Each structure stands twice: as C-alpha cells, then as structure tokens.
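The values are calculated or read from the model by the stated rules, or taken from the named source; none is laboratory data. These numbers were taken from a predicted model, which means no experiment stands behind them. No Cβ is skipped: glycine too gets one built from the backbone with ideal geometry, and neighbour counts run over all protein chains shown.
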Amino acid sequence: MPADKRNPKLAVWKFASCDGCQLSLLDCEDELLAIAGAVEIANFPEASRAIVKAPYDLSLVEGSITTPHDEQRIHQVRKVSKVLVTIGACATAGGIQALRNFKDVHDFVSIVYASPDYISTLKNSTPIDEHVFVDFELRGCPISKQQLLEVVSAFLNGRKPNIPTYSLCVDCKRKGVACVMVAQGTPCMGPVTQTGCGVLCPSYNRGCYGCFGPMENPDTRALSEWWTKLGVKDEDIIRSLRTFNAHAEEFRKESIKYEASGA
C-alpha cells in the first residue's frame, strides 16, 4: 500500500488506572471491527502483543501520573503522538487515586507496604494535561463507548469531536426523568456533572455520583448550599466531591473549602 494511502496508526497507552476505559474500546464489539478497518492498531497491549514503531497518528491515554517513571514516560508518548487524547477520569482528573493529594502519601505507603523504602511514588496523582499538551479530553469513569467512537470518528474525518459539556440535568429533562433532589430530596451531583452516562443513576431513583467530572462552568457552591438544606453533613459533601474526579479543579476547590471550615 502506498505511504499516502496507509491507515492512521492508533496507539493506546496505560498509566495508573484500572484498565476500564481501555476495555470500553474493546466493548465496542461490531463497531470495533469498523475501527480496526479504518486504522492500524499499532500499540494496544490490552488487545494485542504486536507493536508497530512510532510515530502514531492518534494516541489514547488512560490513567494518571503517579510515579517518577510515568512522569518521564508520558513525555515520550507525547513526543511520538501527532494527536493525544486522554480517556477517563484518571487521565483527565487524577482518578480515585488522587485522594492521596489531600493527605501525606507516605503515611499510606507505610501502612500498606512492609518495605516502604522500595516504593517510588509521587506526592500527588495528577492528570495527563499537567505534564504534556493534550489535544482532547474524554471524561468518564469509565468512558462512554459511544463518545469514544465519536472521538475516533472525528479524528478520522478531520473534525472536532461533538461531545456535550452541559450538565446531566439537561438529559434528565430530555428523557423525562424526574429530578431526584426535587421529588425525593435525594442528594445528586447532576447539576454540576457533565453528561455522558445516559442518566444511569437518576433513571433508577439514585443521585448522580459525578462520574463524568465537572460540567462547563459548574456552580459547586450553590449545589453544596442546596445539599446543606437537604440535611447533608459537611463531611459527606466532601466525600461526594472526592470520588473519581477528586483532582478536578472545581470539585477540589469546593471540597477544600469545606475541609478548611473544620468539617
């Protein structure tokens, strides 16, 4: 095949994560066959041992930066990638492991490991964009496979991905799902969370857990005040802000404010 006719080379990289977002790609099933026909899967250890040499046209990066080795490796990934897209809460907001950022990580290491001197780790768990330039962020814990397909399709067609950044509440209204906070007094992260899950939890009369991170321009202060009126304790507000997207700026600042108040 002539060089100008080759399929774009796709690479998938893992840092500190659970592999769930990579599995979302494998879970595309029939759509995955179409992807495989449109790109050359050049580096994807979760799916194949075959590795094609760099450079790569598109790199999908899962996971946060938590070790000195990863801090060095992400710069190498960026160097060999024409387009770099981060996928999932770990890569875009530090992940659940970013809970270490609010405490002294060495305290955890000494409790968990028999020989902590052998553990090499960073003080914080940080998203990829704090280390290298990121072309696009795909949120979620895990990501939506439909949104992933949209991102790959946008890349193949030279356009910007059409991923909504508004709140989950918009889709609740579109689907006719009653607001669990208004109807039942159930605390819900929906008003400050970016949509993407298909309104999963509210559809089952549960509050949103914030899996897709903060929406565009979220009013976390107003949500916290509303939760307080519902009788939610300050420590529970902090816990709700510190889950999968604990290091996301809007959630982090609001949780620190409550922690500083003496909760």
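General observations
- Taken over region 35-59, the criterion of being aliphatic (A, V, I, L, M) and in contact with a helix residue (DSSP H, G or I) (Cβ under 9 Å, 6 or more places away or on another chain) is satisfied by Ile35, Ala38, Val39, Ile41, Ala47, Ala54, Leu58.
- Total residues in region 90-132, condition loosely packed, with under 15 Cβ neighbours inside 10 Å, under 23 Å from the mean Cα position of the chain (by Cα) and assigned to a loop (DSSP other than H, G, I, E, B): 2
- Output for region 180-193, where each listed residue is surrounded by fewer than 23 Cβ atoms within 10 Å (Cβ to Cβ) and either among the hydrophobic types (A, V, I, L, M, F, W, C) or not in a helix (DSSP H, G or I) (or both): Val180, Met181, Val182, Ala183, Gly185, Thr186, Pro187
- Checked against the criterion of being in contact with a strand residue (DSSP E or B) (Cβ under 7 Å, 6 or more places away or on another chain) and outside the structural domain of Ser144 (by TED's automatic domain parsing), the candidates Cys208, Cys201 yield just one match: Cys208.
- Residues of region 189-211 that are in contact with a Phe, Trp or Tyr (Cβ under 9 Å, 6 or more places away or on another chain) and not polar (S, T, N, Q): Met189, Pro191, Val192, Gly196, Cys197, Cys201, Tyr209, Gly210, Cys211.
- Cβ-Cβ under 7 Å pairs, at least 6 apart or on other chains, region 183-196 side free of Cβ contacts under 8 Å to residues at least 40 places away in the same chain, far side hydroxyl-bearing (Ser, Thr, Tyr) and in a loop (DSSP other than H, G, I, E, B): Thr195/Tyr166
- Filter result (without any contact (Cβ under 8 Å) to a residue 60 or more places away in the chain and of a type in the set (Asp, Glu)) within region 21-50: Glu29, Asp30, Glu40, Glu46
- Among the candidates Leu60, Leu25, Leu32, residue that is farther than 30 Å from Arg252 by Cα and not acidic (Asp, Glu): Leu32
- As a summary of the residue check, Ala47 satisfies the conditions (1) modelled with pLDDT of 95 or more; (2) outside any strand (DSSP E or B) except for the one numbered (1).
- When residues of region 141-166 are limited to those that are free of Cβ contacts under 8 Å to residues at least 60 places away in the same chain and assigned to a helix (DSSP H, G or I), the one surrounded by the most Cβ atoms within 10 Å (Cβ to Cβ): Gln147
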